[in-house]
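Take a look at the structure below.
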Amino acid sequence: MRTIRIGSGAGYSGDRIEPAVELAERGGIQYLGFECLAERTIALAQQQKLRDPGAGYDPLLEQRMRAVLAICKSKGIKIITNMGAANPTAAAAKTVEIARQLGISGLKVAAVIGDDVLDACKRGNYPLLEIEGRVADLGNRMLSANAYLGAAPIVQALAAGADVVVTGRVGDPALFMAPLIHEFGWAMDDWDRLGKGAVVGHLLECAGQITGGYFADPGVKDVAGLARLGFPIGEVSEDGDLVITKVPGSGGAVTEATCKEQLLYEVHDPTQYIQPDVVADFSKVTVTEIGPDRVRIRGGSGRAKTGQLKTSIGYIDSYIGEGQMSYAGPGALERGRLALEIVRERLKLTGVQMSEARFDLIGADSLHGAALSAGGAPYEIRIRVAGRTDSLAEAVRIGNEVETLYTNGPAGGGGAAKSAREIVAVVSVLLPADLVAPSVQIFVA
Amino acid sequence: MKLREIAHSRTGDKGNTSNISVIAFDKAHYEFLREHVTAERVRAHFADIVRGEVTRYELPMIGALNFVLTNALGGGVTRSLALDAHGKGLSSALLDLELPDMPTTFETRAEPAP
């Protein structure tokens, strides 16, 4: 049976680049996907685009394209990525510019647009999923609204002969489902195969998280060669069976355990993993090691899509001010506690307006609270105060009040750090899919 | 016995909801996990952290459980004041769960070669 090999070259925006080069050079792949767009990233990118109409795509797009474009072109490897973020058209134009500089001619670069649904969201005033209220309640704090597109426009771009497809917001698995639909001619209502495709995309989209990254636990789960961690290759057959593997000689490991952890990563009900194109069912998936660094995945299925598209709305939520300071040696924990009490009282005395605050002892109980953190006194402790405010100026005062511990707090505090930042947060709505009209623009180098 | 001796785990995040997988190293231990690592135990373990519900999903084909914890990430990953806003470390906290010793009828996991 015919199979194709798809490499995953990035699991997030800041990911390492050399494994993608390794995949292109030695992975025997026909497609290389880069998933680089976290929930909030597109809202921040939209802010950049508002300041500069030519900006708003992934900051590492240029570096990544320079690293892989020539190899991919020479081997006929198609690149599919959501590095277009808030501006796929500008990202595609930039890619063409880079191709020309590298002396690559005839490269076809497609931009997938239509995920920006800000106007439709405002018109429909849909209920927000994670918090109380409706779209209109966000008022002028709303920055962006992007619907998760399905694989169809990427397939359209591939059918038009694109060598590189640059999208904004699409369902992450769609980046990897599109080549399967394109190559094998899967129908867009073949729910069972699309469900299997969603399994493929889900397992590949976080790159190194399935090849031993984010997995090692010395003495319990050891992984060799993490510094040279290789990224995964999905070998997919026409009927949707999958083998996960990696470039021979690269670091890391593909085992049943690494695949199972990634299968359930960010999954809620495994019988309904909702994607734009299908509701996938992961509950009957089997995971079987069939050779060194080769794991077979079978048994995914699917049923009809919901007809609604999850849409991420980025909005200015608040401001967060933060300060940190370290204490060491005998009594470090007690001095840390005293420092927190002092800052807490000073923030009150000076009238800093916060709607919410945290007073953490890093090294003692900052992550999971006192009940789960029982243990002996640590040698060193770092205090952390973080508070939410309505303005940046107010947020600045929180870090300042931690820094003044230098000359106004317990003995031996050092390494003060402070920050204040605007918080762009994300909430979701469900948008009727028929309100969203994706399209494809092709540029040629 | 700690959960960490027979299972591994990874945390994922969506908004203000966390999911934590619990995967048996040896599928033969799945029933033991199913019996002892209940939604109630997980809720009690994270009493200071989870403000919502804990739901458990079962995946016998891969010997795993999946816990979904709502209202668990300080108001949501993108706005939380927490140091670990994603709750990435919750899986490690869950592996500290105390379990009864394994019945001797169970085969124990082969020790990895040194």
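Mean residue ellipticity at 222 nm from the helices of chain A, using -39,500 (n - 2.57) per DSSP H segment of n ≥ 4 over the full residue count, to the nearest 500 deg cm²/dmol?
Dividing the helical sum by the residues of chain A leaves -9000 deg cm²/dmol.
If you rank B:Thr11, A:Thr95 by fewest surrounding Cβ atoms within 10 Å, what's the result?
Fewest-to-most ranking of B:Thr11, A:Thr95: B:Thr11, A:Thr95.
Please give the contour-minus-distance gain from A:Glu341 to A:Asp434: 0.36 nm per residue of separation, less the Cα-Cα distance, rounded to one decimal in nm.
In short, 28.0 nm is gained.
How far is it, in nm, from the label point at A:Leu392 to the one at A:Arg16 when both lie 7 Å from their Cα along the line to the Cβ?
Here the answer is 3.6 nm between the modelled labels.
Using a cut-off of 12 Å between alpha-carbon atoms, which aspartates and glutamates can reach B:Lys14, once sequence neighbours fewer than 8 places away in the same chain are excluded?
Within reach: A:Glu39, A:Glu130, A:Glu266.
Pop a pseudo-label 7 angstrom from the Cα along the beta-carbon direction at both A:Ala136 and A:Ala370 and give the gap in nm to one decimal.
For A:Ala136 paired with A:Ala370, the spin-label model returns 4.7 nm.
Report the one residue of A:Gly314, A:Val295, A:Pro378 whose Cα lies farthest in the direction of the positive end of the charge dipole of segment A:271-381 (charges on C-beta: Lys and Arg +1, Asp and Glu -1; origin at the Cα centre).
A:Val295
Kindly state, to the nearest 0.05, the FRET efficiency for A:Arg421 paired with A:Leu349, given R0 = 35 Å and r defined as their beta-carbon distance.
With a Förster radius of 35 Å, E is 0.90.
For A:Leu229, what charge total do you get from the other residues with a beta carbon under 13 Å from its beta carbon, if Lys and Arg give +1 and Asp and Glu give -1?
Residues close to A:Leu229 contribute a combined charge of -1.
Would you please give the residues with an amide H less than 5 Å from that of A:Leu309, counting only those at least 5 places away or on a separate chain, with H modeled from the backbone geometry?
Distant-sequence amide H within range of A:Leu309: A:Leu431, A:Ala433.
Just checking the output field for A:124-131: average partner chain Cβ neighbours within 10 Å of each residue's Cβ?
Average neighbour count from other chains, rounded to a whole number: 2.
Per residue Cα convex hull volume for segment A:313-428, in cubic angstrom?
With only Cα atoms used, segment A:313-428 gives 104 Å³ per residue.
Can you tell me how the protein assembly as shown classifies by the Cα gyration tensor, rounded, prolate or oblate, using a/c under 1.5 as the rounded cut?
oblate
Sorted from fewest to most neighbouring beta carbons within 10 Å, what does the list A:Met1, B:Met61, A:Met354, A:Met188 look like?
In order of increasing Cβ crowding within 10 Å: A:Met1, A:Met188, B:Met61, A:Met354.
Filter the cross-link list A:Lys108/A:Lys196; A:Lys246/A:Lys284; A:Lys418/B:Lys2; A:Lys49/A:Lys108; A:Lys94/A:Lys418; A:Lys49/A:Lys310 down to pairs whose alpha-carbon distance in this structure exceeds 27 Å.
Table pairs above 27 Å Cα-Cα are A:Lys108/A:Lys196; A:Lys418/B:Lys2; A:Lys94/A:Lys418.
Where a number appears in this text, it was derived from the coordinates with a stated rule and is not lab data. Here the structure is a predicted model, which is why all the values come from computation and not from measurement. Note: ideal-geometry Cβ built from the backbone for every residue, glycine included; neighbour counts use all protein chains shown.
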